[in-house]
Amino acid sequence: MMTTDDQTPLPDVIAGPLLRRSSPERLVLWLVGSRELPLELILIPADESEERRLLLDESCCRCLPVGRHAVVHLIDVTLVTPLPQDVRIDYDLVIRDAPANARSITEWAPHLGYEDTRCAAAGHRGSRDGAGLPGFVIASRIRQLLHGSCRKPHHPGGDGLVRADEWLGERWNEADERPAWLLMTGDQVYADDVAGPMLAAIHALIARLGLVDETLEGAEVKSSTDLYASSKGYYAREALLPDVYATEALRERFFGGVRKPIFTTANAHNHLITFAEMLAMYLLAWSPVPWWLITPAVPALEASNREQYDQEASVVEAFVAGLPSVARLMANVPTLMIFDDHDVTDDWNLTAAWEETAYGHDFSRRIIGNALLAYLLCQGWGNDPDRMATPVDDLANLLAKAETPVDDLANLLAKAETPGDGQDASPGVSTEIPASASVGWLEAASQDAVIARLLRFQGWEVIVPGTPKLLMLDTRTRRWRSEVRRHRPSGLMDWEALCDLQQELLDEPSVLIVSPAPMFGVKLIEAVQKLFALAGKPLLVDAENWMAHRGAASVMLNIFRHSRTPGNYVILSGDVHYSFAYDIEVRHRQRGPQLWQITSSGLKNTFPDTLLDWFDRLNRWLYAPRSPLNRLTKRRALRIRPRDPDRANAGERLWNGAGIGLVRLDEQGRPQEVRQLDARGFDVRFPPRDEP
């Protein structure tokens with residue numbers, strides 16, 4: 001049971017604001033309130049004498065209720081007078097319940113501003129009552145940016161977003177030092193790899209906010225409330241599948257990540273299932289406020305699971321301690337996001353056979369769909385509200401049908417206070433505020449129809465015009481399937497998607513491409529992945545790389561050779577849980593393009609040290625720049641020169657440490673500096689090979 005603290009009034013804002021897509025003409029922010037909030041946005045450019053005040057009505061603030069006390073707000077403001085570029089713009093988000101009752105962001109979220117006592121003492125316009133306001137800079141061109149992926153709350157290491165907040169706090173008032181973007185390049189949450197204490201917190205928050213319920217098909221449990229009360233709800237969720245032969249392949253592919261010998265998913269058996277669980281994970285990953293509202297109880301566990309739970313609890317506690325810093329960073333830097341597999345499930349769409357199995361079962365299709373709905377609402381929507389308009393409208397209609405009439409709420413509460421015979425109390429969920437007291441139940445047929453349309457949606461990629469142009473690739477939903485050998489890895493993008501990419505590149509002088517998986521990875525690791533794929537076991541090693549599919553690799557390399565595509569490509573990636581940088585040239589082309597593969601991973605994840613050390617050493621020996629083995633690879637037409645991290649002790653080229661990447665670009669869009677801000681408090685530079 002949770003404590004009686006759960007009966008106290010809720011704060012107005014549960015998570016956010018997150019600063020999302022931004023330009024001089026348009027500003028997008030995302031937040032979750034405990035109710036629909038009357039808001040005023042105040043913009044304070046440093047070079048303007050007057051504040052800009054904007055009352056946010058339904059034309060520029062859309063609200064979607066996802067629970068009895070949870071409403072997602074997307075603020076999308078079009079500015080008649082463009083905002084200035086390359087200057088600091090502070091902002092206030094005022095909650096105005098009445099003319100005499102207006103509360104500044106410094107009152108309801110004082111942790112979001114970078115304090116500057118000198119400015120506050122001088123009555124600086126960027127402060128309210130001595131507390132700093134959040135602020136941002138709209139860059140006229142991309143001079144520098146932050147990028148990272150793979151943020152697992154229960155990984156026993158530092159948090160790269162906390163490190164980025166510390167870095168920004170040292171220069172927050174210097175407009176030319178502010179990053180143009182925070183690019184989150186995949187695995188912002190781990191829907192498939194959840195610690196027991198995090199799952200308990202998710203269930204407690206679902207109850208506290210009354211998030212939506214749903215019915216379930218194809219599983220032992222028939223609804224979300226049954227799931228939360230099930231004795232198999234912790235560390236044993238694969239057992240919820242019906243015990244018939246046809247589901248063995250589904251168990252193996254969907255919940256079997258723990259069996260992988262190298263790339264492990266140790267908590268696959270706590271895989272999130274419901275839409276409410278997915279939403280709660282985002283709130284708990286990005287904001288400290290939800291943690292202040294709950295006191296999760298330890299569920300009943302077997303001895304071995306209890307030991308694991310206790311070990312995870314201390315790591316999750318440290319993660320939570322850093323969330324005020326994470327929230328501040330995301331309120332002060334424009335942020336774009338793209339999914340990778342763990343945002344939905346491990347090995348998502350890895351092979352045609354995987355797709356056939358996962359989408360052919362009601363239960364697994366619902367799980368994937370719920371994760372994608374949550375991604376749409378919490379990540380994709382803020383990337384590009386116009387592009388996401390159709391699926392968001394579809395989701396809004398589904399949520400509108402779920403609204404519970406007020407007259408029915410008392411009956412739901414009364415019914416929930418007396419569980420039926422044989423029904424266990426939900427671990428970590430209060431009977432005073434049961435999960436059933438939500439905004440309502442999602443209509444099953446409508447939910448399945450919305451998910452079916454969302455799975456067919458094409459438009460997840462992010463395109464940002466500018467200098468240089470920025471493209472964030474969807475490498476998950478438009479795959480080049482191996483139709484004959486269905487167990488072979490699919491190409492990360494199909495022919496049509498790659499043609500669309502080429503059209504975006506034509507006549508651009510330079511481009512920034514975000515590819516969640518590196519386009520040019522560590523060759524030895526890719527060779528190991530290929531061996532497992534040839535043996536029909538790609539799921540054992542996450543055999544996902546651009547070179548794993550001949551067709552996709554060939555088209556991608558031809559794009560780079562095209563005479564009208566950019567002269568400078570900076571490719572930013574994550575996924576692999578280590579960091580590296582390559583300088584790449586096309587052989588036998590005097591005026592060929594220059595490419596840079598820059599990989600930063602993970603924000604809060606690392607690779608097994610000993611294994612990575614061996615891979616690094618063997619790769620340097622087998623695939624050195626002059627090695628004849630390079631002629632046997634698909635990228636033999638390229639000259640690849642690895643950069644050495646300046647903190648390497650014995651020639652290592654792969655850096656293993658949680659952190660976040662920092663890239664500075666020159667006027668031609670070429671990397672001036674590649675740096676990893678290590679979560680342990682120091683920086684790692686990747687200088688070009690000709691630099692000392």
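The values are calculated or read from the model by the stated rules, or taken from the named source; none is laboratory data. Computed from a predicted structure; not experimentally measured. Using ideal geometry, Cβ is built from the backbone for each residue, glycine included, and neighbour counts are taken over all protein chains shown.
So the values come out like this:
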| item | result |
| --- | --- |
| Flag if Ala268 is farther than 18 Å from Asp187 by Cα, touching a Lys or Arg at 6+ places or on another chain (Cβ under 9 Å), at pLDDT below 95 and small (Gly, Ala, Ser) | no |
| Answer residue from segment 166-200, given it is in contact with a Phe, Trp or Tyr (Cβ under 7 Å, 6 or more places away or on another chain) and hydrophobic (A, V, I, L, M, F, W, C) and is nearest to Gln144 (Cα to Cα) among those | Trp172 |
| Number of the exception - Pro538 against (1) crowded, with 20+ Cβ neighbours inside 10 Å; (2) of a type outside the set (D, E, K, R); (3) at pLDDT 85 or above; (4) under 26 Å from the mean Cα position of the chain (by Cα) | (3) |
| Residue within segment 181-190 that is over 25 Å from Val87 (Cβ atoms), among the acidic types (Asp, Glu) and not assigned by TED's automatic domain parsing to the domain that holds Ala276 present | yes |
| Some residue of segment 283-295 being in a loop (DSSP other than H, G, I, E, B), out of contact with any strand residue (DSSP E or B) (no Cβ under 6 Å at 6 or more places or on another chain) and at pLDDT below 95 | no |
| Segment 168-222, subset in contact with a Pro (Cβ under 8 Å, 6 or more places away or on another chain) and aromatic (Phe, Trp, Tyr), residue nearest to Gln311 (Cα to Cα) | Tyr190 |
| Residues satisfying the stated conditions in segment 557-606, i.e. modelled with pLDDT under 95, among the hydrophobic types (A, V, I, L, M, F, W, C) and buried (at least 23 other Cβ atoms within 10 Å of the Cβ) | Val576 |
| Unique match (being surrounded by 24 or more Cβ atoms within 10 Å (Cβ to Cβ), in contact with a strand residue (DSSP E or B) (Cβ under 6 Å, 6 or more places away or on another chain) and either at pLDDT 95 or above or not assigned by TED's automatic domain parsing to the domain that holds Gln308 (or both)) among Leu199, Leu211, Leu205 | Leu211 |
| Residue check for Val298: part of a helix (DSSP H, G or I) and either at negative phi or within 17 Å of the chain's Cα centre (by Cα) (or both) | no |
| Scope segment 563-592; condition touching a residue at least 24 places away in the same chain (Cβ under 8 Å) and either in contact with a His (Cβ under 9 Å, 6 or more places away or on another chain) or polar (S, T, N, Q) (or both); matching residues | Thr565, Asn568, Leu572, Ser573, Gly574, Ser579 |
| Of all residues in segment 623-682 being in contact with a helix residue (DSSP H, G or I) (Cβ under 8 Å, 6 or more places away or on another chain) and either among the basic types (Lys, Arg) or not assigned by TED's automatic domain parsing to the domain that holds Arg561 (or both), the one that is modelled with the highest pLDDT | Arg653 |
| Residue in segment 474-482 that is outside the structural domain of Ile294 (by TED's automatic domain parsing), acidic (Asp, Glu), closer than 30 Å to Leu399 by Cα and at pLDDT 90 or above present | yes |
| Test: Asp310 is out of contact with any Leu (no Cβ under 6 Å at 6 or more places or on another chain), surrounded by 16 or more Cβ atoms within 10 Å (Cβ to Cβ) and of a type in the set (Asp, Glu) | no |
| Which listed residue is among the acidic types (Asp, Glu), out of contact with any His (no Cβ under 9 Å at 6 or more places or on another chain) and closer than 23 Å to Met493 by Cβ, from Asp386, Asp362, Asp394 | Asp386 |
| Residue check for Ala358: modelled with pLDDT under 95, touching a Pro at 6+ places or on another chain (Cβ under 6 Å) and surrounded by 15 or more Cβ atoms within 10 Å (Cβ to Cβ) | no |
| In segment 657-670, residue farthest from Ala164 (Cα to Cα) [restricted to those that are surrounded by fewer than 18 Cβ atoms within 10 Å (Cβ to Cβ) and in contact with a strand residue (DSSP E or B) (Cβ under 8 Å, 6 or more places away or on another chain)] | Gln668 |
| The one condition in (1) modelled with pLDDT of 95 or more; (2) touching a Gly at 6+ places or on another chain (Cβ under 6 Å); (3) surrounded by fewer than 23 Cβ atoms within 10 Å (Cβ to Cβ) that His147 fails to fulfil | (3) |
| The listed residue being modelled with pLDDT under 90 and buried (at least 16 other Cβ atoms within 10 Å of the Cβ), out of Asp407, Asp347 | Asp347 |
| Members of segment 8-59 that are among the hydrophobic types (A, V, I, L, M, F, W, C), outside any strand (DSSP E or B) and touching an Asp or Glu at 6+ places or on another chain (Cβ under 8 Å) | Leu37, Ala46 |
